[in-house]
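The values are calculated or read from the model by the stated rules, or taken from the named source; none is laboratory data. Model, not experiment: these values are computed from the prediction. Heads up, the Cβs are rebuilt from the backbone with ideal geometry, glycines too, and the neighbour counts pull from every protein chain shown. Heavy atoms of the whole protein, side chains included, go into the accessibility calculation; ligands, DNA and RNA do not. Shrake-Rupley method; radii C 1.70, N 1.55, O 1.52, S 1.80 Å.
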Amino acid sequence: GLSGYGVGATIRGSVSRVSTLYGEIGYVTYRAGSDADTGEREGGLSLGLGYEARIRLDQLATNAVILAGVLSYERVTDANTRAVANLLNPRVKLGYRHVFGPGLGVEIGAEVAQPLNLADGSAPVTFFGGTLAILVGF
């Protein structure tokens, strides 16, 4: 099978009570095969732009359903062969957010991603995963 994870940060700006535009930067890694020496192990930089819509579940928007989409560019290098891949990775997310106060919240979500290899246009795998985020506002 193929697995992976990503870590990163976003800078967000609300454009209305329900809409936010954001940019993200992070590190992603993918692994295929069970043998670390012969399996595929790729990792690298990820940059993305996204849109988020919030559906309030209460008057103060303490709890909300999140619908989001992001388009990211990923440049990953295989640890064994040093081959570089450039990926365009559209993702969609459905999540739940709870805000504890004016500057702190937590979010959990489910994501679907379909990375496209920019070299040949192939989309060999669809990822299903989850997100867990701690939100800090300034």
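General remarks:
- Scanning the range 15-31 for residues that are outside any loop (DSSP other than H, G, I, E, B) and either at pLDDT 90 or above or out of contact with any Lys or Arg (no Cβ under 8 Å at 6 or more places or on another chain) (or both) returns 19, 20, 21, 22, 23, 24, 25, 26, 27, 28, 29.
- Of everything in the range 97-138 that is open to solvent by 50 Å² or more (accessible area, probe 1.4 Å) and of a type in the set (S, T, N, Q), the residue that is farthest from residue 74 (Cα to Cα) is 126.
- Filtered residues of the range 6-21 (kept if free of Cβ contacts under 8 Å to residues at least 40 places away in the same chain and under 14 Å from residue 91 (Cβ atoms)): 8
- Scanning the range 50-93 for residues that are part of a loop (DSSP other than H, G, I, E, B), within 22 Å of residue 21 (Cα to Cα) and open to solvent by 50 Å² or more (accessible area, probe 1.4 Å) yields a count of 2.
- The requirement of being of a type outside the set (A, V, I, L, M), open to solvent by less than 50 Å² (accessible area, probe 1.4 Å), over 30 Å from residue 102 (Cβ atoms) and under 21 Å from the mean Cα position of the chain (by Cα) is fulfilled nowhere in the range 7-28; no residue meets it.
- Filtered residues of the range 94-131 (kept if under 20 Å from residue 48 (Cβ atoms), over 12 Å from the mean Cα position of the chain (by Cα), in contact (Cβ under 8 Å) with a residue 12 or more places away in the chain and in a loop (DSSP other than H, G, I, E, B)): 118, 119, 125, 126
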